[in-house]
């Protein structure tokens, strides 16, 4: 709590395999609306058919490296809370843990349009929605959700496309920060040969 005020914290989760300029634009815009933004790479995303290629630790490191480039260190924090937890990653568990760390905070779960449409499938979804506000970053091609929505002019970039480009030795410099290009090469991720 800041004085007698409740701190407003946004949670931006994702696989971040890898984190890219679209994610960073969303994080930057969300940081303008909230006192604190916690970026959380998922541990074991149980609803995704395809498991992440980079390890949880690598995805946290990439997220931290990319977030460092935003110069928002006082406001945006990367958390390994899900990566450190064993078993499937459930947002409800993460929110309950964060409430212990920040007992006087009001949390907003920031979701993309696709995730918002599937929120009802999430583990203990009804309980989760009682603990957090939900804010949807609207994707133009996806139908309107039942939650408050904002439009962010983020580049339409897909981590899948980035991984595919790396696997085929194509340039990704226009899709990710330079530090992430270096990280991918140094860790030979996604079939990187260089």
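Just a few scattered comments:
- Residue in segment 63-70 that is in a helix (DSSP H, G or I), under 18 Å from residue 180 (Cα atoms), in contact with a strand residue (DSSP E or B) (Cβ under 6 Å, 6 or more places away or on another chain) and touching a residue at least 24 places away in the same chain (Cβ under 8 Å) present: yes
- Residues that are in contact with a helix residue (DSSP H, G or I) (Cβ under 7 Å, 6 or more places away or on another chain), crowded, with 19+ Cβ neighbours inside 10 Å and within 23 Å of residue 30 (Cβ to Cβ) within segment 151-169 comprise just one, 154.
- Any hit, segment 98-106, residues being surrounded by 17 or more Cβ atoms within 10 Å (Cβ to Cβ) and more than 23 Å from residue 177 (Cβ to Cβ): yes
- Complete set of residues in segment 113-139 that are assigned to a strand (DSSP E or B) and either in contact with a helix residue (DSSP H, G or I) (Cβ under 8 Å, 6 or more places away or on another chain) or in contact (Cβ under 8 Å) with a residue 60 or more places away in the chain (or both): 134, 135, 136, 137
- Of everything in segment 147-194 that is in contact with a strand residue (DSSP E or B) (Cβ under 9 Å, 6 or more places away or on another chain), part of a loop (DSSP other than H, G, I, E, B) and touching a residue at least 24 places away in the same chain (Cβ under 8 Å), the residue that is farthest from residue 71 (Cα to Cα) is 147.
- Of all residues in segment 24-62, those that are more than 19 Å from residue 95 (Cβ to Cβ), without any contact (Cβ under 8 Å) to a residue 60 or more places away in the chain and in a helix (DSSP H, G or I) total 4.
- Meets criteria (surrounded by fewer than 22 Cβ atoms within 10 Å (Cβ to Cβ), out of contact with any strand residue (DSSP E or B) (no Cβ under 9 Å at 6 or more places or on another chain) and at pLDDT 95 or above) for residue 47: no
- Within segment 14-26, the residues that satisfy the criterion of being touching a helix residue (DSSP H, G or I) at 6+ places or on another chain (Cβ under 7 Å) and modelled with pLDDT of 95 or more are 16, 17, 18, 19, 20, 24.
- Test result for residue 98, in a helix (DSSP H, G or I) and within 21 Å of residue 6 (Cα to Cα): yes
- Selection within segment 71-91 - crowded, with 17+ Cβ neighbours inside 10 Å and either within 16 Å of residue 42 (Cβ to Cβ) or in contact (Cβ under 8 Å) with a residue 60 or more places away in the chain (or both): 78, 79, 80, 81, 82, 83, 89, 90, 91
- Residues of segment 1-23 that turn out to be assigned to a loop (DSSP other than H, G, I, E, B) and either surrounded by 21 or more Cβ atoms within 10 Å (Cβ to Cβ) or over 12 Å from the mean Cα position of the chain (by Cα) (or both), as a count: 9
The values are calculated or read from the model by the stated rules, or taken from the named source; none is laboratory data. The model shown is predicted, which means the values in this text are computed figures rather than measured ones. No Cβ is skipped: glycine too gets one built from the backbone with ideal geometry, and neighbour counts run over all protein chains shown.
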